[in-house]
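Okay, structure first, notes after.
The values are calculated or read from the model by the stated rules, or taken from the named source; none is laboratory data. This one's a predicted model, so the numbers in the text were calculated from it and none came from an experiment. Here Cβ is always computed from backbone atoms with ideal geometry, including for glycine, and neighbour counts include all displayed protein chains. Just so you know, the surface numbers come from the protein's heavy atoms only, side chains and all, with ligands and any DNA or RNA stripped out. Shrake-Rupley method; radii C 1.70, N 1.55, O 1.52, S 1.80 Å.
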Amino acid sequence: MSSTPRKPRGPYRKGLERREQILRAALEVFSEHGERGSSLKEIADRVGMSQAGVLHYFDSREDLLLAVLAERDALDTEAAADVMSPGEAVARTVGHNARQPGLVDLFVTLSAAASDPAHPAHAFFKRRYTDLSTRIQEGLEQGRQNDQIRQDVDPKLMARLLLAVSDGIQLQWLLDPSVDMTALVEAFNRMCAVPVGESNNPSPTGEDN
């Protein structure tokens, strides 16, 4: 008996497809205009629906915003799928995001507001940073085992710092688009790496040759 999962059918499948259509439209609108310049009406118009119709698929405007950010993260992950280290992945991600200033604006605006525990996005961002820092830490620990990442700084601290660098650079870039986000992340990565020609495990001094 086949164990291949069945694809959704009927009204349920149509509902999923409609939700994806709305999400794609919202991504386009927020990419173009950012959080403050985007409206639910424009998103609804792009998919030929009323605003109430859009909110049938998303509980609120905030729910739609979070879905957009989650999709942005998924696309960023896809764009960096072939890199070999977490530092490279973040550098690739900020370069990818530089082509979507509206989504960077949405992320910065919403993440700042989400510092309030009562904000609808608070739990989303708290979970996001926990998950990302854990994945980055695991990648850095692997890099230490391969003698690529320095041993004198805790990977847990480096992971949090890398995220802080990434987010802080995005804010600076919104204020001044001449800031080279990728170059700055790459500079941080070099600070975390074992210098060329050196080793995390040098031979003891005085060893006979």
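Please tell me if Leu64 is farther than 18 Å from Ala183 by Cα and either under 15 Å from the mean Cα position of the chain (by Cα) or among the β-branched types (Val, Ile, Thr) (or both). When the stated conditions are applied, Leu64 does not pass them. Of all the residues in the stretch 54-88, those that are in contact with a Lys or Arg (Cβ under 9 Å, 6 or more places away or on another chain), in a helix (DSSP H, G or I) and without any contact (Cβ under 8 Å) to a residue 24 or more places away in the chain number 2. The set of residues in the stretch 146-164 being open to solvent by less than 40 Å² (accessible area, probe 1.4 Å) and either touching a residue at least 60 places away in the same chain (Cβ under 8 Å) or among the hydrophobic types (A, V, I, L, M, F, W, C) (or both) consists of Ile149, Met158, Ala159, Leu162, Leu163.
Every residue, every condition in (1) outside any helix (DSSP H, G or I); (2) under 13 Å from the mean Cα position of the chain (by Cα), yes or no:
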position	(1), (2)
Arg99	yes, no
Pro117	yes, no
Leu132	no, yes
Asn189	no, no
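Taking first residues from the stretch 31-48 that are in contact (Cβ under 8 Å) with a residue 24 or more places away in the chain and partners that are open to solvent by 50 Å² or more (accessible area, probe 1.4 Å) and in a helix (DSSP H, G or I), the Cβ contacts under 6 Å between residues at least 6 apart in sequence or on separate chains come to Leu40/Gln51; Leu40/Arg61; Val47/Gln21.
Taken over the stretch 39-63, the residue count meeting the criterion of being β-branched (Val, Ile, Thr) and either open to solvent by 30 Å² or more (accessible area, probe 1.4 Å) or within 18 Å of Lys14 (Cβ to Cβ) (or both) is 2.
Does the stretch 100-110 contain at least one residue that is surrounded by 19 or more Cβ atoms within 10 Å (Cβ to Cβ), in contact with a helix residue (DSSP H, G or I) (Cβ under 6 Å, 6 or more places away or on another chain) and farther than 18 Å from Trp173 by Cβ? No, there is no match, as no residue in the stretch 100-110 is surrounded by 19 or more Cβ atoms within 10 Å (Cβ to Cβ), in contact with a helix residue (DSSP H, G or I) (Cβ under 6 Å, 6 or more places away or on another chain) and farther than 18 Å from Trp173 by Cβ.
Applying the condition of being assigned to a loop (DSSP other than H, G, I, E, B) and in contact (Cβ under 8 Å) with a residue 12 or more places away in the chain to the stretch 119-130 and asking which residue is surrounded by the fewest Cβ atoms within 10 Å (Cβ to Cβ) yields Pro120.
Looking at Gln172, Gln151, which is the one that is in contact with a Lys or Arg (Cβ under 7 Å, 6 or more places away or on another chain) and of a type in the set (S, T, N, Q)? Exactly one residue qualifies, and that residue is Gln151.
Only a single item in (1) part of a helix (DSSP H, G or I); (2) at pLDDT 90 or above; (3) open to solvent by less than 50 Å² (accessible area, probe 1.4 Å) is not met by Glu20, and it is number (3).
Yes or no, residue by residue, for (1) of a type outside the set (A, V, I, L, M); (2) at pLDDT 95 or above:
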{"position": "Ala89", "(1), (2)": "no, no"}
{"position": "Asp105", "(1), (2)": "yes, no"}
{"position": "His119", "(1), (2)": "yes, no"}
{"position": "Lys126", "(1), (2)": "yes, yes"}
{"position": "Gln148", "(1), (2)": "yes, no"}
{"position": "Ala159", "(1), (2)": "no, yes"}
{"position": "Gln172", "(1), (2)": "yes, yes"}
{"position": "Asp176", "(1), (2)": "yes, yes"}
{"position": "Glu186", "(1), (2)": "yes, yes"}
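Just one of (1) within 16 Å of Val90 (Cα to Cα); (2) without any contact (Cβ under 8 Å) to a residue 40 or more places away in the chain; (3) open to solvent by 80 Å² or more (accessible area, probe 1.4 Å) fails for Leu171. It is (2).
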